[in-house]
Structure formats: C-alpha cells, structure tokens
1. When you go through VAL147, VAL159, VAL141 one by one, which is the residue that is crowded, with 24+ Cβ neighbours inside 10 Å and outside any helix (DSSP H, G or I)?
2. Could you please let me know if LEU173 is touching a strand residue (DSSP E or B) at 6+ places or on another chain (Cβ under 6 Å) and at pLDDT 90 or above?
3. Listed residues SER69, SER131; which is part of a loop (DSSP other than H, G, I, E, B) and modelled with pLDDT under 90?
4. Inside segment 82-110, can you point out the residues that are in contact with a Ser or Thr (Cβ under 6 Å, 6 or more places away or on another chain) and either at pLDDT 90 or above or surrounded by 15 or more Cβ atoms within 10 Å (Cβ to Cβ) (or both)?
5. Inspect segment 138-147 for any residue being among the polar types (S, T, N, Q) and within 23 Å of GLU241 (Cα to Cα) and give the result as yes or no.
6. Give, as residue ranges, the helices (runs of 4 or more DSSP H) completely inside segment 256-364 that count at least 3 residues that are at pLDDT 60 or above and on the phi < 0 side of the Ramachandran plot.
7. List every residue pair whose Cβ atoms sit under 6 Å apart, with the two residues 6 or more apart in sequence or on different chains, where the first one lies in segment 300-314 and is touching a residue at least 60 places away in the same chain (Cβ under 8 Å) and under 23 Å from LEU245 (Cβ atoms) and the second, anywhere, is of a type in the set (S, T, N, Q) and part of a helix (DSSP H, G or I).
Amino acid sequence: MNVILRHTLSFALGSALLAIPAFAVPQGQDSGQQDPAKTQPPAVQRQSQQQLGSEQPVPQQDTVNPKNSKDDVEAIGNRKVSCHMNWFSLEKEIGLGKQLAQEVERSSKMIDDPVVTEYVNRVGQNLVRNSDAKVPFTIKVIDSDEVNAFALPGGFFYVNSGLILRAQEESELAGVMAHEISHVTARHGTCQATKGELMQLASIPAMIFIPYTMAGYALYQGLNMAIPLTFLKFSRDAEREADFLGIQYMYKAGYDPNSYVTFFERVQADEKRRPGTIPKVFSTHPPTPERIANTQKEIARILPARQEYIVTTSEFDQVKGRLRNIMFSRKVTEAKDKPTLRSKTEQSKKQPTGNDPNSTTDDDRPTLKRRPDSQP
C-alpha cells in the first residue's frame, strides 16, 4: 500500500530552556548582607546542611501544555476530557446509544460491501486507539449521498458514503471522523442531556405556582418544549471542543491536522460558488471562519511540528473507486425499477390488417361510417 507523506517546511524548535547562571558572591568577600545560616543555632545549621545535600531540583511546571490537561497531546488516553457533571454512567450511555443505533439502522440503508466497511472501520479504529475514548466503537457505513457522519453516545458511529466520495484524501476523511469521535470522548450527548434534566428540575418550583388557566397551561407546555433532548445537534462550544480534540487525535494517529481545515474550507468555497450545495449537516452549525481560524491557532500552539504527515494512501483511492461503482450500480437499478408516468395516452396495441402482416391499425383511431338512409 502506497502512503503519501507531506513534508513540513518548518522544523520544531527545541523545548529546552536556556540556563541563566546566577551571580554568586565570592567566598570571603562581604556582600553587605549577613548570612542567615550563621545566625542560626548549630543544630539548625546541621539540619539545614543535611536537607541541602539531599535536595533534588524542583521540576518546573509547563504553563503552556500542563501535564495531563486537554492541551497535553502526549497524555491522550490518560486524561479526562468529559464534562464535570454527567448523570449517565458509561454502561447507561452505551445502552442508550444502542437503542438509538437500532433506530438508525431500521430507517437507513447500509453499505454491506466487506472491502468498504472493513477499510472505513480500520481508519476509524486507528483514530479511536489514539483518542481519549473510554468505550468501544462500532463503525458502519450508510448508503446516502449526503456528506455526513455522526456518532451516537456509547460509540455507535456512522459514516455516509457521500462523505467518503466527497473527501479527496484519506486525511480529510480521518479529520471528519476524528471530530465525530471527539463528541463521544467528551460525552457531549449525555452531558447535554444532563443539563436538560437539570433545567427541568429547576423549572418545577415555577410550575407549582402556575395558575390552572389556559395561559398557565400554555406556559407549562412552553417550559417543556424549551428543553429538547437531542444527541446529534450540539452547542457551538461543544463543536469548538470537538474541533480542538479532533485535530489532536488526527495528529496522534499520524495524519496532517491541517487537512481537517482544508476540507471545510473547500465545502464553504463550494457553497459560495453554488449556493445551496452545502450539506444539511453543516447548515445548522457550519464551521464559521472564526472556528477555522481558532483551529489553525490551536494547531500551531499545541501540536509540535513534524517532518512528515500521512496525507493519503492508495487504498483510499481504491476503496473510493469501488464505492463509486457500488453507488452507480444502485442508481441504475433504482432507475429501472422506478415507475414512470406518461403525459400522453399511448397508442393501443396495433394488430395486423388484411393480408399484410406488417400493416397495422390503431384500435383507438376514429373511423368514419356512412349514416344509413332513413328511407328505404
């Protein structure tokens, strides 16, 4: 399998700090200040000397990428990235995701080609291994032209065939998949549901004092309808966090994180040239120029530069071509089976007339008949 690597133009600067020698007062020279050690009792002096001899250098704290924080790429897998308040255990979250996954597969047509599904699953599982995931992932491909991918709570992950065909490189596909995997690792779905339940609990005291009138009933309904519990649409803060974590997972897996930005910039450029072409999934919360700029800043801030990145592979091109043939065959089959409506009345079956088998007559053609005479 051929792998295309992208070489960077800049090299990573070393992180070692320059040691600045301290100015020491020569021995025997008066510095103008009294040595505090000489003023201490002998027992304290001996204790201080023993402590001084056994002292170890204190490691300096990294204020840019604190250890085991969300900025520490080396700590991926050993850090906590989910929200602080979540009323769903991991077991309950997996059970919830399984129920939602059954609904998705019941209402969707799946791609069952073993070559395509195995490849997409392998790319996704590689990203999962280089993420903060605490649950196993099940990755499947949906037969849909829409450029989309989504992950349900508990690690049930779906990639549309339209996304695979729209991506130009494997790193672009990996970028979108890493973004959706981040929604699961950060547990955005159940964290959002927890906030919704908290809002419902907070609204209970207000409901108690609502008068039993039509206006009060309408207000009660409004309070309930203002709390949608959805697991596919997230807040802008959650989307930004998924951007932030996704580029780290790409980087950890060896992909160029800039491919994630490139893909969405191309999607936006297509929308400007041909309005209405932007996929539905991006219409609700599209990657705004601000989000793209923030992602580029985070790449430069927390990701050490590398000599080379994985851009694409020959296997990606092969799978993409195979999937394109599958989708084309499906459309041809659907076109044959699709019933058609005709705007004009078809001619009825023509039957041969006379002795000439090739001559036909139209049964629906009007004929002229002589009117019989009324008198004999």
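The values are calculated or read from the model by the stated rules, or taken from the named source; none is laboratory data. Since the structure is predicted, the reported quantities are computational estimates derived from the model, not experimental observations. A quick note on method: Cβ atoms are made from the backbone with ideal geometry, for glycine too, and the neighbour counts reach across all protein chains shown.
1. VAL159
2. Against the criterion (touching a strand residue (DSSP E or B) at 6+ places or on another chain (Cβ under 6 Å) and at pLDDT 90 or above), LEU173 does not qualify.
3. SER69
4. Those that are in contact with a Ser or Thr (Cβ under 6 Å, 6 or more places away or on another chain) and either at pLDDT 90 or above or surrounded by 15 or more Cβ atoms within 10 Å (Cβ to Cβ) (or both): ASN86, PHE88, GLU93.
5. Yes, that holds for at least one residue.
6. Filter on segment 256-364 gives 258-273, 289-302, 314-337.
7. Going by the 6 Å Cβ cut-off, the qualifying pairs are VAL311/SER171.
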